[in-house]
Amino acid sequence: MKHAPHFTWDDLQFFLAVARTGQLSTAARQLRTSHATVSRRIDRLEFALKVKLFERNPRGYMLTAMGQRFIDTAERMEQETERLRADLSAGSAAQRGVVRISAPEGFSNFFFTGVLPEFTAKHPNISLELITIQQIMSLSRKEADIVVVLDPPKAGPYFTEKLTDYHLQVYGSLDYLARHPPIESRDGLPDFAFIGYIEDMIFAPGLDYLGDVHPRIKPQFQSSSIFAQLTAAKSGLGLCVLPFFIAGKHPDLQVVLPQEVDLRRHYWITCHRDLRQSPRVRTVIDFLMEAVRLNAPAFLGPWRATDG
């Protein structure tokens, strides 16, 4: 009589973590366990199934053909487990745990952290992890539970919803503008010093502003940090394209050519579709959607009346 392979749901969690990261050490950090424990659980699963799921090589763990087939089954089981947990835990008892969010630096530092006290007051049992190094966060590998992006994923098993539009304009410090000739038109902008992103480090097309302002603008100072760009602009280093929800809080910055230069970008919120069933993830998404809606004037600025 043949016995069915004996393995547990925990074994599948270890398998999925290694399959998504390709590294025992990274999987161990995600699962909050040791490198040796992950290796032992993978070996046990392969022994139970009597198949080789991974090829081991110096670069890490690569799925075999059987491993590729098995991951589809494991992910379906993971989704059903998430749904079952959500059903069993519906209610206040489900509102606990850790939610990891990846979001652009500007949105994180100049908006999200400002509404955190309200969130923690409402949901004291949910802990948040906020990551602003968005370009290395992978939804497919579930390195983040929720991601705020400028450009939504084009395909995949993701839930995506638009958070808001936001407007950007060219700003200069009062001191800088007083020290330079008046800016008469858009075509005059390339004659002035500009601050912008480092071109080869722009991780989202939506952050490539300067070409939309004028194709001949070449920034004199570049930084991957919007906070550094803001500080440089306030110090009088040059002109800078900034979102209204950031620059509008600084009276020492003045809009340049407000009728001619007005850029619009968008924030989207997205997560893996099966995580949308998680009560704590749903709680964070719903809170962010409502917080952004209540702060619409900060994102839309004086254009709100024409954007409705």
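The values are calculated or read from the model by the stated rules, or taken from the named source; none is laboratory data. No experiment lies behind these values; they were computed from the predicted model shown. Every residue, glycine as well, gets a Cβ built from its backbone with ideal geometry; the counts of neighbours run over all protein chains shown. With ligands, DNA and RNA removed, areas are computed over all heavy atoms of the protein, side chains included. Shrake-Rupley method; radii C 1.70, N 1.55, O 1.52, S 1.80 Å.
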* Considering only region 178-226, state which residues are under 23 Å from Asp252 (Cα atoms), basic (Lys, Arg) and open to solvent by 90 Å² or more (accessible area, probe 1.4 Å). => Arg179
* Is it true that Ala74 is open to solvent by less than 50 Å² (accessible area, probe 1.4 Å), more than 28 Å from Asn125 (Cβ to Cβ) and either at pLDDT 90 or above or touching a helix residue (DSSP H, G or I) at 6+ places or on another chain (Cβ under 7 Å) (or both)? -> yes
* Asked: Looking at Tyr171, is it open to solvent by less than 80 Å² (accessible area, probe 1.4 Å), at pLDDT 95 or above and touching a helix residue (DSSP H, G or I) at 6+ places or on another chain (Cβ under 6 Å)?
  -> yes
* Asked: From Leu288, Leu257, Leu253, which residue is at positive phi and open to solvent by less than 60 Å² (accessible area, probe 1.4 Å)?
  -> Leu257
* Check whether at least one residue in region 239-249 is farther than 30 Å from Ser127 by Cβ, outside the structural domain of Pro152 (by the TED database), open to solvent by 10 Å² or more (accessible area, probe 1.4 Å) and in a helix (DSSP H, G or I), and report yes or no. => yes
* To do: Would you mind telling me which numbered condition in (1) crowded, with 22+ Cβ neighbours inside 10 Å; (2) in contact (Cβ under 8 Å) with a residue 40 or more places away in the chain; (3) of a type in the set (S, T, N, Q) Gln229 fails?
  => (2)
* Asked: Going through region 21-59 one residue at a time, which ones are open to solvent by less than 40 Å² (accessible area, probe 1.4 Å) and of a type in the set (Ser, Thr, Tyr)?
  -> Thr21, Thr26, Thr37, Ser39
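Residue-by-condition table, conditions (1) modelled with pLDDT under 85; (2) of a type in the set (A, V, I, L, M, F, W, C):
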| position | (1), (2) |
| --- | --- |
| His6 | yes, no |
| Leu24 | no, yes |
| Ser39 | no, no |
| Lys50 | no, no |
* To do: Test each condition in (1) outside any loop (DSSP other than H, G, I, E, B); (2) on the phi > 0 side of the Ramachandran plot; (3) not β-branched (Val, Ile, Thr) for Gly236 and report the one that comes out false.
  => (1)
* To do: Kindly check whether there is at least one residue in region 259-274 that is over 27 Å from Ala155 (Cβ atoms), of a type in the set (D, E, K, R) and assigned to a loop (DSSP other than H, G, I, E, B).
  => yes
